[in-house]
Amino acid sequence: MPWQKWEFVGTRESIYSRIFIFHYMQSSQLSRFLSSTSDDKKSEEVFANASWIDDRFDFDPEECNVANGKWVFNSSLKPLYSDTSCPYIDRQFSCVKNGRNDSDYLHWEWQPEDCTLPPFNPELALKKLQGKRLLFVGDSLQRNQWESFVCMVQGIIPEKKKSMKRGRVHSVFKAKEYNATIEFYWAPFLVESNTDIRIIGDPKKRIIKVDQITERAKNWTGVDILVFNTYVWWMSGLRLKALWGSFANGEEGFEELDTPVAYKLGLRTWANWVDSTIDPNKTRVFFTTMSPAHTKSADWGHKDGIKCFNETRPVKKKNHWGSGSNKDMMSVVAKVVKRMKVPVNVINITQISEYRIDAHSSVYTETGGKILSEEERANPLNADCIHWCLPGVPDTWNQIFLAML
């Protein structure tokens, strides 16, 4: 009989020293064992109150489907930081600072069905990064994940032994004692576009240069661990303007492509760069799957709701999948990664995040550099149902990421 872990909710002192015997005994033997203990009543209470047998195996990224599981409420679960204790969180993600009073969203723990997911250990994370560069590359959701990772480790580093240098495109957190950096590089499409640096608000005026990546990617070399993402910026409409060759001719020469087609071309350009540039013996490559948007409350049965406004609990329905996650786009990632020569570790966050309608920035955010007023917070149309509160769901993404490291 395989080794199994027991969770006891009753008294256990009388058999604590002999608990290992349970794992190898048949039920009749267990009965005899219990009746022979010095304190029958206590022992029977222990056995009767054994609430479950956890036969999940230790986390192994090759064996465990981490997306198959459930969110379990754990009132004793405490985040490693808050948006007041960590000074590196964008105001956009600082929900408590911005007026969010409910706190249940902070106490949900992801439990895979097949394996046990180890808790995030800041000391272990920094030891794994000793002498290394970790670079997150992507959009504002990747910045969400980067800030989460920084906040989860920075609390154990003395003030004088850490630093942060913010840039419009490239930001670097240094853990000096470990000679490690945790960095973020802004590249919302990964490939180049006319809206990378100077953001064009009107999606119809954006043009994606699906065959060009070098100008951005030259800043991603010499890195030990690369974590990429790109999704939400591609989802501005059913079709996108794509361009081959130079931007010198302005908008001339672009073609309108279906979003999955443009996405595939862009990802292939990224994949070709990785395969031709990255030495897998020196650099590990990760790709974070799409983070779902929760902009249609009818997706989870709240027909009278508006976006994720006022949601305070996760969706309970098994395998819930809303309209904010495009399966065609997800399959593009899977197909492109499968054909690559350099191994890419996929951090599958989509399904686990689909349930978390309660954990977005919602109306506890800022717009145009200003925090929403009370009057603006009362308007559900102002809810940001794309980005996530910190601390929050991105901490679980990093818990999975660290386990994969």
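Per-structure values
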{"item": "Members of segment 303-323 that are surrounded by 13 or more Cβ atoms within 10 Å (Cβ to Cβ) and either at pLDDT below 95 or out of contact with any Asp or Glu (no Cβ under 8 Å at 6 or more places or on another chain) (or both)", "result": "G305, I306, K307, F309, N310"}
{"item": "Tally, over segment 337-373, of residues that are farther than 23 Å from D83 by Cβ and under 21 Å from the mean Cα position of the chain (by Cα)", "result": "10"}
{"item": "Any chance I21 is at pLDDT below 90 and β-branched (V, I, T)", "result": "yes"}
{"item": "Hits in segment 196-228 - residues which are of a type outside the set (A, V, I, L, M), in contact (Cβ under 8 Å) with a residue 12 or more places away in the chain and within 23 Å of L240 (Cα to Cα)", "result": "D196, P203, K204, R206, K209, D211, Q212, T214, E215, R216, F228"}
{"item": "1 or more residues in contact with a strand residue (DSSP E or B) (Cβ under 7 Å, 6 or more places away or on another chain): qualifying helices (runs of 4 or more DSSP H) within segment 291-405", "result": "327-338, 350-354, 393-404"}
{"item": "Test: residue in segment 69-82 that is touching a residue at least 60 places away in the same chain (Cβ under 8 Å) and touching an Asp or Glu at 6+ places or on another chain (Cβ under 6 Å)", "result": "yes"}
{"item": "Candidate set: segment 284-302, residues that are buried (at least 20 other Cβ atoms within 10 Å of the Cβ) and polar (S, T, N, Q); chosen: the one nearest to W388 (Cα to Cα)", "result": "S291"}
{"item": "First in segment 364-375 and closer than 19 Å to N310 by Cβ, second anywhere and among the small types (G, A, S) and surrounded by 11 or more Cβ atoms within 10 Å (Cβ to Cβ), Cβ under 6 Å, 6 or more apart", "result": "Y364/G99"}
{"item": "Residue that is surrounded by the most Cβ atoms within 10 Å (Cβ to Cβ), among those in segment 213-228 that are in a loop (DSSP other than H, G, I, E, B) and among the charged types (D, E, K, R)", "result": "D224"}
{"item": "Among residues of segment 135-152, those that are assigned to a strand (DSSP E or B) and over 17 Å from C86 (Cβ atoms), counted", "result": "3"}
{"item": "Members of segment 331-375 found to be open to solvent by 40 Å² or more (accessible area, probe 1.4 Å) and modelled with pLDDT of 95 or more, listed by number", "result": "S331, A334, K335, K338, R339, K341, P343, N345, V346, N348, Y364"}
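A quick yes/no check of all residues on (1) farther than 23 Å from V227 by Cβ; (2) touching a helix residue (DSSP H, G or I) at 6+ places or on another chain (Cβ under 7 Å); (3) surrounded by 22 or more Cβ atoms within 10 Å (Cβ to Cβ):
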{"position": "T84", "(1), (2), (3)": "yes, no, no"}
{"position": "C95", "(1), (2), (3)": "yes, no, yes"}
{"position": "Q111", "(1), (2), (3)": "yes, no, no"}
{"position": "K127", "(1), (2), (3)": "no, no, no"}
{"position": "L134", "(1), (2), (3)": "no, no, yes"}
{"position": "N144", "(1), (2), (3)": "no, yes, yes"}
{"position": "E147", "(1), (2), (3)": "no, yes, yes"}
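The rows are residues; the columns are (1) among the charged types (D, E, K, R); (2) part of a strand (DSSP E or B).
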{"site": "T230", "(1), (2)": "no, no"}
{"site": "E256", "(1), (2)": "yes, yes"}
{"site": "T269", "(1), (2)": "no, no"}
{"site": "F287", "(1), (2)": "no, yes"}
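The values are calculated or read from the model by the stated rules, or taken from the named source; none is laboratory data. Here the structure is a predicted model, which means the values were calculated and not measured. Please note: Cβ atoms are built from the backbone with ideal geometry, for glycine as well, and neighbour counts cover all protein chains shown. Side chains are part of the model used for accessible areas, which takes the heavy atoms of the whole protein and leaves out ligands, DNA and RNA. Shrake-Rupley method; radii C 1.70, N 1.55, O 1.52, S 1.80 Å.
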